[in-house]
Amino acid sequence: MKAIVCEAFGGPEVLAWRDVPDPPPPGPGELQVHIQARGAQYVDVLMLAGKYQFRPEPPFIPGNEGAGEVVAVGPGVTRFKPGEKIMSRQRLGAFAELGNAKAEDCDQVPSGMSLEQAAVFRGAHHTAYHALMQRGRLQPGEWVMVNGAAGGIGIAAIQIAKLFGATVIATASNEEKRRICLEEGADYAIDYRAGLRDKVKELTGARDGVDIVYDPIGAEVFDESLRCLRWGGRILVLGFLGGGPSTPRTNYLLIKGLEVIGVRLGGVTEYQPEIGRENMRKLVELAGQGKLRPRISHSFPLERAADAIQTIIDRKVIGKAVLVG
Ligand SMILES: NC(=O)c1ccc[n+]([C@@H]2O[C@H](COP(=O)([O-])OP(=O)(O)OC[C@H]3O[C@@H](n4cnc5c(N)ncnc54)[C@H](OP(=O)(O)O)[C@@H]3O)[C@@H](O)[C@H]2O)c1
């Protein structure tokens, strides 16, 4: 089969379009999928650079989510059969024509969703759902500020927070990104580089801040975001795109009764798989009702994966990038 192979740690230039052996027949509990679309995302940028928490040694085939048609099922698999269209999440290997995935990490493509949309749905929407609903304990009527809101997990968070009754402030770096955040349902969209605190206090009025901040950025944006929380607020730590982790000002935590809460989707699937499966059942149901749809700004043929990675690094993707074929 053809695949994109990461041949050394580095940037997009380390990706090569190669002929590689087909995967072995699916083992117990596995499916073999003819992958027709897969998500490319910031996690891939980190993994190629050898900077992600899971650090496979090159050569490896990147890609942790995809969608396509089941070609074979392994022993014990009863939920799926050959010919069905599914979406999958896997540790590696989605930047290829064929891949094996655990059946428990796969779902039927929700009705009304294209394969491209299904390929990029699981990771971002599951992250946002777990973060807001389980870690953030979002209640209807609360205010949520979503940082990096025009990114993959950001747009998913806007959609989920709105669906569950929140008022949403999106933060993004340029006018086009802010316009799209509003189109996706955010009530307000602001530039986080212009200073957040005063603007958020003005928008929230007598509430005096938001209840939840959803933060994949870290660094100064995290520090500034802490000051946007009202009494009893929660800040969800999802990533460190701004350059690294922060040391929370613990005096702010004490004075306002704040909580700093870590979020890691991989931890749910590893330690609380029953919660992960129930979350996906709910998300597939909501997507099937047309209430959730990933937004895709860029689509590339699989062999141009390096261009997709460069577009992510250049912060041009709004929502998700997909690799097809
Ligand atoms: N904890 C978890 O379970 C979990 C799960 C999935 C992803 N993540 C992490 O969440 C982060 C976001 O993932 P994503 O897929 O949403 O990424 P993405 O689609 O690339 O979006 C990231 C957004 O962050 C903003 N940003 C700020 N500083 C940036 C920088 N230096 N480089 C790139 N973007 C920057 C960009 O918006 P502006 O231009 O508006 O600033 C961009 O729209 C990543 O660090 C990823 O590893 C965590």
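The values are calculated or read from the model by the stated rules, or taken from the named source; none is laboratory data. Bear in mind that the values here come from a model prediction, so they are computed numbers and not experimental data. Using ideal geometry, Cβ is built from the backbone for each residue, glycine included, and neighbour counts are taken over all protein chains shown. Heads up: the accessible areas ignore ligands, DNA and RNA and are worked out on the full protein's heavy atoms, side chains in. Shrake-Rupley method; radii C 1.70, N 1.55, O 1.52, S 1.80 Å.
Things to note:
- Residues (at pLDDT 95 or above and either open to solvent by 10 Å² or more (accessible area, probe 1.4 Å) or outside the structural domain of residue 151 (by TED's automatic domain parsing) (or both)) located in the range 191-203: 191, 197, 198, 199, 201, 202, 203
- Within the range 27-49, residues that are closer than 14 Å to residue 3 by Cα reach partners that are surrounded by fewer than 22 Cβ atoms within 10 Å (Cβ to Cβ) and among the acidic types (Asp, Glu) with beta carbons closer than 6 Å, at six or more positions or on different chains, in the pairs 34/69; 37/116.
- Qualifying residue in the range 215-235 (condition: open to solvent by 30 Å² or more (accessible area, probe 1.4 Å), of a type in the set (Ser, Thr, Tyr) and more than 30 Å from residue 113 (Cβ to Cβ)): no
- Looking across the range 236-270, the residues that are open to solvent by 60 Å² or more (accessible area, probe 1.4 Å) and away from the ligand (no atom under 16 Å from the Cβ) come down to 247, 249, 250, 251, 254, 255, 259.
- Some residue of the range 186-206 being under 18 Å from residue 139 (Cα atoms) and within 16 Å of the ligand (Cβ to nearest atom): yes
- Looking only at residues of the range 285-323 that are hydrophobic (A, V, I, L, M, F, W, C) and open to solvent by 40 Å² or more (accessible area, probe 1.4 Å), we find that the one that is nearest to residue 43 (Cα to Cα) is 313.
- Within the range 118-158, the only residue that satisfies the criterion of being surrounded by fewer than 23 Cβ atoms within 10 Å (Cβ to Cβ), of a type outside the set (A, V, I, L, M), in a helix (DSSP H, G or I) and more than 10 Å from the ligand (Cβ to nearest atom) is 134.
- Taking the criterion of being open to solvent by 70 Å² or more (accessible area, probe 1.4 Å) and either of a type in the set (Ser, Thr, Tyr) or closer than 19 Å to residue 324 by Cα (or both), the residues of the range 72-88 that qualify are 78, 85.
- Residue match in the range 55-78 (condition: in the same structural domain as residue 308 (by TED's automatic domain parsing), modelled with pLDDT under 95, more than 16 Å from the ligand (Cβ to nearest atom) and not in a strand (DSSP E or B)): no
- Residue in the range 12-34 that is nearest to the chain's Cα centre (by Cα), counting only those that are assigned to a strand (DSSP E or B) and of a type in the set (D, E, K, R): 30
- Number of positions in the range 24-39 that are buried (at least 18 other Cβ atoms within 10 Å of the Cβ) and either outside the structural domain of residue 61 (by TED's automatic domain parsing) or under 30 Å from residue 313 (Cα atoms) (or both): 6
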